[in-house]
4 protein chains.
Amino acid sequence: MSQKIRVSVVGATGYTGVELLRLLANHPQVEVVNVTSRQEQGRLVSEIFPSLRSFYNLKFTNPHDDELSQSDVVFFATPHTVAMKQVAKLLQKGTKVIDLSADFRLKNIPIWEQWYKVKHEATEYVKQAVYGLVELNREKIKKAQLVAAPGCYVTCVTLGLLPVLAQDLLDKDTNIIADCKSGVSGAGKSAKIPNLFCEASDSMKAYALQGHRHFPEIQQNIALFDQDIAKKLVFLPHLIPMIRGMQATIYIRLKDDSIDLQKVFEDYYRNEKFVDVLPQGAVPETKNVRGSNICQLAVHKMYESDCYVILSTIDNLMKGASGQAVQNMNVMFGLAESLGLDLVPLVP
Amino acid sequence: MSQKIRVSVVGATGYTGVELLRLLANHPQVEVVNVTSRQEQGRLVSEIFPSLRSFYNLKFTNPHDDELSQSDVVFFATPHTVAMKQVAKLLQKGTKVIDLSADFRLKNIPIWEQWYKVKHEATEYVKQAVYGLVELNREKIKKAQLVAAPGCYVTCVTLGLLPVLAQDLLDKDTNIIADCKSGVSGAGKSAKIPNLFCEASDSMKAYALQGHRHFPEIQQNIALFDQDIAKKLVFLPHLIPMIRGMQATIYIRLKDDSIDLQKVFEDYYRNEKFVDVLPQGAVPETKNVRGSNICQLAVHKMYESDCYVILSTIDNLMKGASGQAVQNMNVMFGLAESLGLDLVPLVP
Amino acid sequence: MSQKIRVSVVGATGYTGVELLRLLANHPQVEVVNVTSRQEQGRLVSEIFPSLRSFYNLKFTNPHDDELSQSDVVFFATPHTVAMKQVAKLLQKGTKVIDLSADFRLKNIPIWEQWYKVKHEATEYVKQAVYGLVELNREKIKKAQLVAAPGCYVTCVTLGLLPVLAQDLLDKDTNIIADCKSGVSGAGKSAKIPNLFCEASDSMKAYALQGHRHFPEIQQNIALFDQDIAKKLVFLPHLIPMIRGMQATIYIRLKDDSIDLQKVFEDYYRNEKFVDVLPQGAVPETKNVRGSNICQLAVHKMYESDCYVILSTIDNLMKGASGQAVQNMNVMFGLAESLGLDLVPLVP
Amino acid sequence: MSQKIRVSVVGATGYTGVELLRLLANHPQVEVVNVTSRQEQGRLVSEIFPSLRSFYNLKFTNPHDDELSQSDVVFFATPHTVAMKQVAKLLQKGTKVIDLSADFRLKNIPIWEQWYKVKHEATEYVKQAVYGLVELNREKIKKAQLVAAPGCYVTCVTLGLLPVLAQDLLDKDTNIIADCKSGVSGAGKSAKIPNLFCEASDSMKAYALQGHRHFPEIQQNIALFDQDIAKKLVFLPHLIPMIRGMQATIYIRLKDDSIDLQKVFEDYYRNEKFVDVLPQGAVPETKNVRGSNICQLAVHKMYESDCYVILSTIDNLMKGASGQAVQNMNVMFGLAESLGLDLVPLVP
């Protein structure tokens, strides 16, 4: 067996961070060498995350880029703007980077700056970065040194649309309505009133009515296939009282109703390990992918209507973040794509 | 003070039943004289519902229609097909009936029979029944002897659409997409696996993809204004891990984008006690109407789109069921419409 | 009908604050004239609490004591140390004060200062303050100008123990073990990581193992009856994933096993409106008092043991805080004790 | 690598069944050959459990004992009385049996019959059965052909008491009070009203006040060390609104307060893979063992008291059921004890 991949995780105190550590702990080809947090520097990882007590003996560090660059790959599980300040040195030394934040997701820099309200400081790497939706960019990811892991909503919606986009099946005059529902972990481990148990439980709401940062990212993915259809996107996220789990309920109309959409989906994803098209008539539930990297999809024609609905379901912390990041790592290092990711969903 | 209204509740062991009893216990003009349940006959109401210990001394009975007809009004909080077998005798003796079930909601009997898969046994009363959406039918309800209280999804969606229907603002070529989310109490107090805590919590799903019984009822309401638009309805319910609460996220397109939709809604509902149009930019949350009869509405134009979204939020057991039933009773008996219903939402 | 009581609420942005506002909105003898918050000054109450939109038109103010003293009664729903700085002026002007915080609960000032780690600034009012457990101090409360409303755990445990303390039934050599469980709203509306939805839901834990501030307060109540028994108190709180609700599971041994403990409890609380002793064999659930001021109690002999268990159940925001505060107000102003408090628990 | 163990699971449609299937799917030395369910016979396992879609192609069968006996080991994830009717044939053919039900847990048959209210039909195997608490019986389990996996509460309480029992540290005149809290999955996947989402969420209760079947089983374990102390057991379970997770809060008094209880626990469990004694002062939370086979323990002296508390925390479906069953299998077959069980807890 070959030598293990030396991995660093930057910003490992949030939910995508601890999820990465969970996955990397059991990954047979990984050795985690650095776990960084400015705030928790010097404390044991297992003190912040008692769930990791039997699995990590590391302390949080605040390493120089030099130390990070001794890793084979660095994951950034940080808020946006952190990765863009650190990637240059790492990439120059040959270290690979997988950024779970938004810094390198959008190719159009003015649009990025409009949505993230800050100047981009590593524009020269935006073009180089490969967008890390493996089902879309597998070949490019194999050769990538810098991968931008997609946003959770973006992953969920894009996987739901890829088959109809690839075959150009959508009616171009109809809006694509992506009514999305997310568990609260999507909001991260930040101490804000709306994320409190007493605020978020036994209730639900729509949010980001003025526009959500994942909107231009979904548009960018659609535009790879059709620029006009990208403009028909309507995206509205909702906060749902569950820890993990995300569903996109996507309403579309087809050019041609004689198409067998079930077959289109089954054919398109036949060889994908992590996309599971449910049998005709079945309905996904978020719990059925809890803790796993799987996306469960279903397509239905709506009752007495020309409207179709695509139900796309993921664990937002897995296929929507850390699981997908590890999937990218596997591809980048030539490992089996599901290595360390063949986790069975936790039910109940 | 006038004499109290003598009230019976048939089938009071479910969630709409106990909610009715909660409301009636504090209603200043009501005396509950009969609470029926075949299954729990002879047991104290407070034994089945310990929350009512300080409020009711009654036992569940299994009365003859003769006894029920001595009430001024009988609520049916029963599964469908119960009310249709009992209303004739009650109405003939002059007792008023408020049916929370579906027996008298649909005017088109073949459609009712298609959806409920049973022969209707009181077709002669279907025409007489007044559809109990007070905001739509207030004048008719004042004179009604038999009221069919609307379904929860139907109430939620219809209140969201009334202002645009009444003013004929909708684009006729675009689907009306009602993506609805409901708490688990909407499924009733029945011991079924999918409603178990371990199945329904920390998860979500769409359901009734083959068509939901509230679909023809919403269509019937829209068709009062425009038969063609009724055919554009797309309705998909989702189960959300909360006890109470319902939201309809309704996507529409307008004929004319110059309309001030916020003003249309504010004007339309200006005098309605139980419909609260939120200020421009605000977003409703289901917890803010928990335990109250209020519907909170908001309208938004979607980001970079010609699509509008209407957010309609109710407590499914209140404005969606028992609260609305009591509102109907108040109107039928000439009482102040909000008598006994001015309950402040329970937050947190 | 007599003139309404003019009420101010200081610090109304937390959970006990909004709960007070909920109760006062429907109280027939109350007019809320001032709602204060330094932080939210100038904003509509209904903007912070959309659940109150139909009930309050007030804005948050930051009034001088002079303005507050024009109220008949001022509620402090503040963190500790706020009330102790403001009561002198109010009391001197004849305004009554009900303090929901801990400032006047403990008679022993050094012990207060030890637990709250700050110097007490109104020691001269500590003696004058009446401890607002109505079931213990009703006669004193009638004449009180300053009432210290008890802590939530303290209310729950003390109501469970009063009957056996009053009759001196406890074995003096056995620890009184109060294993307590609380919903998350007990931690208040403060943006702290452990209170986040993703931290607190689907999990539970004991806390305050080094001692909880309600410990000396429970001891003080027990010591009114027996100083030695007060020293036998063992109190351990647990955080449970529910919004509201609190249960004390109290394990005791009796001097004499021939006592009919069920009868002792029923007799002791026979005339109490808000304490409900369940029938022999019944078990309380927190949901059965949700949103109400009721304490449900049950007593059981443990299987094959000389140990008895007392189960005491309240809504921590109601009988454990704001409901009890309004109950005190009713007593202080000579109103019916349950005025505005005859709310039916919200089930489900 | 040696040949895989051929495994059958009888009664795999409940929560311990699906949890077993989750664990066995990733176990490197296991091949699942038979999954039985009388009710679901002929249906795909993945149809009943869509979470297993990518992991099992099997259908539920209703095999004869002959077929079952071709397995190397049969797990019974059935209600009690099923295993006792089937073990004889299996054991006679040399198949090993791990019974997750209660049939072989109690050595005293009259006591078993008293608690389970049915005649025991395999009394000759009760003596032969090894009680499957690996931390207590490892050596016996290595040679066992029939293992009775302990109850969830029993595991949780016994692991909390083993160190003080083994060293005879308990004061013999004081009750051992085990106040236990369990998630709802402990009640199984049965469609009963009290387990509904709307009944069990946002609420809590004690239950089984008349005695719980795990009581005699805990007593049996204590009595292995001291028959008198076994009689001091007080055990009260509570239902908590979480899916998985169990905590025993155990109140004890020691003979001698000079003992360093922290050290006693650390020494006792130093070599146990699945028992994790937290550092002095730390407090376990159930989420930190979610989905894992780990028991987290902490010991504390209570504030100003001679009482100690032991906090014992497990995932009731893992160390409390299926995880422990697989741990037993590993021991019985001479595998590494943690093979297939080194799962990182799912946080958040």
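The values are calculated or read from the model by the stated rules, or taken from the named source; none is laboratory data. Every value quoted in this text rests on a predicted model; they were computed, and no experiment measured them. Because the Cβ atoms are built from the backbone with ideal geometry, glycine has one as well, and the counts that use them run over all protein chains shown. The area values use the complete protein model at the heavy-atom level, side chains included, leaving out ligands, DNA and RNA. Shrake-Rupley method; radii C 1.70, N 1.55, O 1.52, S 1.80 Å.
What tally of residues in the stretch B:302-341 results from selecting those that are at pLDDT 95 or above and facing another protein chain (nearest Cβ under 9 Å)?
The total comes to 8.
List pairs: first residue in the stretch A:123-145 and outside the structural domain of A:Lys96 (by TED's automatic domain parsing), second residue among the acidic types (Asp, Glu) and at pLDDT 95 or above anywhere in the structure, Cβ distance under 6 angstrom, at least six positions apart or on different chains.
A:Glu135/A:Glu272
Determine whether A:Phe225 is touching a strand residue (DSSP E or B) at 6+ places or on another chain (Cβ under 7 Å) and at pLDDT 95 or above.
In short, no.
Of B:Phe197, B:Phe215, which residue is at pLDDT 95 or above, hydrophobic (A, V, I, L, M, F, W, C), touching a Pro at 6+ places or on another chain (Cβ under 8 Å) and over 22 Å from B:Leu261 (Cβ atoms)?
It is B:Phe197.
Based on this model, can you work out whether C:Lys273 counts as within 10 Å of another protein chain (Cβ to nearest Cβ) and not acidic (Asp, Glu)?
Here the answer is yes, as C:Lys273 does meet what is asked.
Of the conditions (1) touching a strand residue (DSSP E or B) at 6+ places or on another chain (Cβ under 6 Å); (2) surrounded by fewer than 22 Cβ atoms within 10 Å (Cβ to Cβ), A:Ile176 satisfies every one except a single condition; which number is it?
All conditions pass for A:Ile176, except number (2).
Does A:Ala321 satisfy the criteria of being farther than 21 Å from A:Pro163 by Cα, small (Gly, Ala, Ser) and in contact with a Ser or Thr (Cβ under 6 Å, 6 or more places away or on another chain)?
yes
Give me the pairs, please: first residue somewhere in the stretch B:249-274 and closer than 28 Å to A:Phe235 by Cα, second residue anywhere and open to solvent by 70 Å² or more (accessible area, probe 1.4 Å), beta-carbon distance under 7 Å, and either six or more positions apart or on two chains.
Qualifying pairs under 7 Å: B:Gln262/B:Gln280; B:Val264/B:Gln167.
Quick one: which residue in D:Ser305, D:Ser322 is open to solvent by 10 Å² or more (accessible area, probe 1.4 Å) and either hydroxyl-bearing (Ser, Thr, Tyr) or out of contact with any Cys (no Cβ under 9 Å at 6 or more places or on another chain) (or both)? Before the answer, list the steps.
Working: D:Ser322 fails: open to solvent by 10 Å² or more (accessible area, probe 1.4 Å).
Of D:Ser305, D:Ser322, the one residue that is open to solvent by 10 Å² or more (accessible area, probe 1.4 Å) and either hydroxyl-bearing (Ser, Thr, Tyr) or out of contact with any Cys (no Cβ under 9 Å at 6 or more places or on another chain) (or both) is D:Ser305.
So, in the stretch A:238-268, of the ones that are among the β-branched types (Val, Ile, Thr) and away from every other protein chain (no Cβ under 13 Å), which residue ends up least open to solvent (accessible area, probe 1.4 Å)?
Here is the first cut: in the stretch A:238-268, the residues among the β-branched types (Val, Ile, Thr) are A:240, A:243, A:249-250, A:252, A:259, A:264.
Narrowing further to those that are away from every other protein chain (no Cβ under 13 Å): A:259, A:264.
Values: A:Ile259: 41, A:Val264: 17 Å².
Here the answer is A:Val264.
Using the structure shown, decide if D:Ala223 is within 11 Å of chain C (Cβ to nearest Cβ), more than 29 Å from A:Phe197 (Cβ to Cβ) and surrounded by fewer than 22 Cβ atoms within 10 Å (Cβ to Cβ).
Values: within 11 Å of chain C (Cβ to nearest Cβ): no; more than 29 Å from A:Phe197 (Cβ to Cβ): yes; surrounded by fewer than 22 Cβ atoms within 10 Å (Cβ to Cβ): yes.
For D:Ala223, the condition - within 11 Å of chain C (Cβ to nearest Cβ), more than 29 Å from A:Phe197 (Cβ to Cβ) and surrounded by fewer than 22 Cβ atoms within 10 Å (Cβ to Cβ) - is not met.
I'm told C:Cys180 meets every condition in (1) within 14 Å of another protein chain (Cβ to nearest Cβ); (2) over 19 Å from C:Phe215 (Cα atoms) except one. Can you identify the failing condition by its number?
Looking at each condition in turn, C:Cys180 falls short on (2).
Can you list residue pairs whose Cβ atoms sit under 8 Å apart, with the first residue in the stretch D:89-105 being assigned by TED's automatic domain parsing to the domain that holds D:Ala12 and the second being among the acidic types (Asp, Glu) and assigned to a loop (DSSP other than H, G, I, E, B)? Count only pairs 6 or more apart in sequence or on different chains.
Listed by first residue and then by second, the contacts come to D:Thr95/D:Asp72; D:Lys96/D:Asp72.
Anything in the stretch D:1-13 that is more than 21 Å from D:Asp65 (Cβ to Cβ) and either in contact (Cβ under 8 Å) with a residue 60 or more places away in the chain or among the hydrophobic types (A, V, I, L, M, F, W, C) (or both)? List them, or say none.
First, the residues of the stretch D:1-13 that are more than 21 Å from D:Asp65 (Cβ to Cβ): D:1-4.
Passing the criteria: only D:Met1.
Where in the stretch A:200-270 are there helices (runs of 4 or more DSSP H), lying fully within it, with 3 or more residues that are farther than 26 Å from D:Pro348 by Cα and over 20 Å from the mean Cα position of the chain (by Cα)?
The helices (runs of 4 or more DSSP H) meeting that bar are A:227-230, A:261-268.
Taking the residues in the stretch C:85-121 that are over 23 Å from C:Cys152 (Cα atoms) and part of a loop (DSSP other than H, G, I, E, B) as candidates, determine which candidate is least open to solvent (accessible area, probe 1.4 Å).
C:Thr95
Would you check if B:Leu136 is open to solvent by less than 10 Å² (accessible area, probe 1.4 Å), within 20 Å of B:Val331 (Cα to Cα) and in a helix (DSSP H, G or I)?
no
Output the residue which, of all residues in the stretch D:275-301 that are open to solvent by less than 10 Å² (accessible area, probe 1.4 Å) and in a loop (DSSP other than H, G, I, E, B), is nearest to D:Asp179 (Cα to Cα).
D:Pro284
Quick one: what pairs do we get from the stretch B:328-348, first residue outside the structural domain of B:Glu272 (by TED's automatic domain parsing), second assigned to a loop (DSSP other than H, G, I, E, B) and among the β-branched types (Val, Ile, Thr), C-beta under 8 Å, 6+ apart or different chains?
From the stretch B:328-348, the pairs are B:Pro345/B:Ile294; B:Pro348/C:Ile243.
Yes/no per residue for (1) away from chain A (no Cβ under 13 Å); (2) charged (D, E, K, R); (3) open to solvent by less than 10 Å² (accessible area, probe 1.4 Å):
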site: B:Pro150; (1), (2), (3): yes, no, yes
site: B:Ala166; (1), (2), (3): yes, no, no
site: B:Val184; (1), (2), (3): no, no, yes
site: B:Ala187; (1), (2), (3): yes, no, no
site: B:Lys192; (1), (2), (3): yes, yes, no
site: B:Gln210; (1), (2), (3): no, no, no
site: B:Leu236; (1), (2), (3): no, no, yes
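What pairs come out if I take residues in the stretch D:205-217 that are assigned by TED's automatic domain parsing to the domain that holds D:Leu159 and of a type in the set (A, V, I, L, M, F, W, C) and pair them with residues that are at pLDDT below 95 and surrounded by fewer than 23 Cβ atoms within 10 Å (Cβ to Cβ) whose C-beta lies under 9 Å away, six or more apart or interchain?
Qualifying pairs under 9 Å: D:Ala208/C:Tyr303; D:Leu209/C:Tyr303; D:Phe215/C:Tyr303; D:Phe215/C:Glu304.
Counting residues that are open to solvent by 10 Å² or more (accessible area, probe 1.4 Å) and either among the small types (Gly, Ala, Ser) or closer than 23 Å to C:Pro150 by Cα (or both), which helices (runs of 4 or more DSSP H) fully inside the stretch C:1-71 reach at least 2?
C:15-25
Give the residue, chosen from D:Asp260, D:Asp256, D:Asp267, D:Asp276, that is in contact with a strand residue (DSSP E or B) (Cβ under 7 Å, 6 or more places away or on another chain) and over 29 Å from D:Asp202 (Cα atoms).
On the way: D:Asp260 fails: in contact with a strand residue (DSSP E or B) (Cβ under 7 Å, 6 or more places away or on another chain); D:Asp256 fails: in contact with a strand residue (DSSP E or B) (Cβ under 7 Å, 6 or more places away or on another chain); D:Asp267 fails: in contact with a strand residue (DSSP E or B) (Cβ under 7 Å, 6 or more places away or on another chain).
Only one candidate qualifies: D:Asp276.
Could you tell me which of the residues B:Gln3, B:Gln39, B:Gln29, B:Gln70 is more than 13 Å from chain C (Cβ to nearest Cβ) and at pLDDT 95 or above?
Sole residue among the options that is more than 13 Å from chain C (Cβ to nearest Cβ) and at pLDDT 95 or above: B:Gln29.
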